[in-house]
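Please treat every number below as a calculation from the coordinates, not as lab data. It should be emphasised that the depicted structure is a prediction, and the values quoted were computed from it without experimental measurement. Every residue, glycine as well, gets a Cβ built from its backbone with ideal geometry; the counts of neighbours run over all protein chains shown.
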Amino acid sequence: MLVFATSDKGGTGRSVTSCNLVYRKSLQGSDVCYVDFDFGSPTAGAVFQIPAVETGTDAG
């Protein structure tokens, strides 16, 4: 299963919803991979409690 969550507005819950879908599928035994392409303000690191990926890219 591939899940793409898009929107041109920030704060709509795309990352949190996507993380929840992937997490639930993993608990059900599916092999999953989550990639957060929100380079400026990634949320996946915070949701999955991975401190090394909680910040976005450097300017430029």
Notebook entry, point to check: segment 6-37: which trypsin sites (Lys or Arg not before Pro) are DSSP loop and have at most 13 other beta-carbon atoms within 10 angstrom?
Noted result: 9
Check: How big is segment 1-46 by the Kirkwood estimate over distinct Cα pairs, in Å?
Finding: 11.3 Å
Checklist line | Integer Hz, Karplus 6.51/-1.76/1.60 couplings in order for segment 23-35, x for Gly and Pro | finding: 4, 5, 5, 5, 5, 7, x, 6, 7, 10, 9, 10, 10
Notebook entry, point to check: Can you give me the relative contact order of segment 1-49 as a percent, contacts being Cα pairs under 8 Å and 6 or more apart?
Noted result: 31 percent
Check: What is the extension gain from residue 2 to residue 31, computed as 0.36 nm multiplied by their sequence separation minus the C-alpha to C-alpha distance, in nm to one decimal?
Finding: 9.3 nm
Notebook entry, point to check: Residue by residue through segment 8-18, which ³J(HN,Hα) values in whole Hz follow from phi under the Karplus form 6.51 cos²θ - 1.76 cosθ + 1.60 (θ = phi - 60°), with glycine and proline marked x?
Noted result: 8, 10, x, x, 8, x, 4, 5, 5, 5, 4
